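The values are calculated or read from the model by the stated rules, or taken from the named source; none is laboratory data. All figures in this text were calculated on a predicted structure; none of them were measured in a lab. Quick reminder, even Gly has a Cβ in these numbers, built from the backbone with ideal geometry, and neighbours come from all protein chains shown.
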Amino acid sequence: MTQSADLPLVFGGLEPSQSALESSRVLIWPVPFEKTVSYGQGTREGPAAIIDASRNLELYDEEVEGEPASIGIHTLPAIDADREPAAMMLALEREARKLLKTGKFICMLGGEHSITPPVVRAFAEIFPRLSVLQIDAHADLRDQYDGTPHSHASAMRRVVEVCPLVQVGIRSLSSEEARAIPELPTRVFYAKDICGRADWFNHAINSLTEDVYLTIDIDGLDPSLVPSTGTPEPGGLSWNEALTLIRTLAAKRNVVGMDLVEVSGGSVTSFVAAKLIYKSLAYIFREQIPAL
């Protein structure tokens, strides 16, 4: 048995001194919901796989020269996700409202991308000038899909009913979505126009309001990095492009919450997802992390 396997089964494998609810600044919220997926299966396993993989992270971050875990990261029990989509959306919105009352930073782990809109609705009640930054391969702007408006393929259509949206890394969309985009409150940064370039990061961030909710579909990254996801698309963001975007976001905007979705297991994908979450927290809380 390896040393990491002996660590607590919480994000980062943190001991109680760094993961107690009362003293933690961050809440990791597992939401293993999978009801509307349309290709690969397994997103219900994503939250547990990310948490397990996170126990192999080095807690020191060389960019912030300290340990992001020092701010306290508490892992909540997984929500009961054995519900039909409409009921799940209501339950998520109610629970998000409760969690927001704690004043802690919420990082939700999916599960499929349909879980984002109800949580964004809860955030918008607290942050009336909220906008959303989406990293994703897919536009997710269908009005409905497979007979439900709560599909993972409709997640961002529900979001733009609440607040403005900036979409980064998009490289797969339907004719319906392409026709709708000019009429919707979204700005799209297509992968074909940004990958391999460095002149777009500020443009993307400057399109957002001051308060931003970050949603990361892991398939926004190139599938060579994250092969275990339900709807992979070639040609996504590199690791360093994703980090530069999130680093710039955290430096220029107030990131009020985040999620990471669509991991369907696999040790490589789960670890990349865990590392991406930890790096995001490092950037968001950079000023609060003591240097070693």
Quick check: anything in the range 268-290 among the small types (Gly, Ala, Ser) and surrounded by fewer than 22 Cβ atoms within 10 Å (Cβ to Cβ)?
no
Residue count for the range 190-203, restricted to those that are surrounded by fewer than 19 Cβ atoms within 10 Å (Cβ to Cβ) and either small (Gly, Ala, Ser) or outside any helix (DSSP H, G or I) (or both)
7
Residues that are within 18 Å of MET156 (Cα to Cα) and either of a type in the set (A, V, I, L, M, F, W, C) or in contact (Cβ under 8 Å) with a residue 60 or more places away in the chain (or both): which helices (runs of 4 or more DSSP H) entirely in the range 21-136 hold 1 or more of them?
85-100, 116-126
With GLY230, GLY220 as the choices, which residue is buried (at least 19 other Cβ atoms within 10 Å of the Cβ), modelled with pLDDT under 95 and touching an Asp or Glu at 6+ places or on another chain (Cβ under 8 Å)?
GLY230
All positions within the range 149-205 that are out of contact with any strand residue (DSSP E or B) (no Cβ under 9 Å at 6 or more places or on another chain), small (Gly, Ala, Ser) and farther than 13 Å from ALA139 by Cβ:
GLY196, ALA198
Residue identified as modelled with pLDDT under 95 and either closer than 26 Å to PRO118 by Cα or in contact with a Cys (Cβ under 8 Å, 6 or more places away or on another chain) (or both) among VAL37, VAL26, VAL31
VAL37
Qualifying residues in the range 152-172 (those that are over 14 Å from the mean Cα position of the chain (by Cα) and over 20 Å from ILE205 (Cα atoms)) - the one surrounded by the most Cβ atoms within 10 Å (Cβ to Cβ):
ALA153
When you scan the range 16-69, how many residues do you find that are of a type in the set (Gly, Ala, Ser), closer than 14 Å to TYR278 by Cβ and surrounded by 21 or more Cβ atoms within 10 Å (Cβ to Cβ)?
4
Among the residues of the range 270-287, is any under 15 Å from GLU63 (Cβ atoms), assigned to a loop (DSSP other than H, G, I, E, B) and either touching a Ser or Thr at 6+ places or on another chain (Cβ under 7 Å) or of a type in the set (Asp, Glu) (or both)?
no
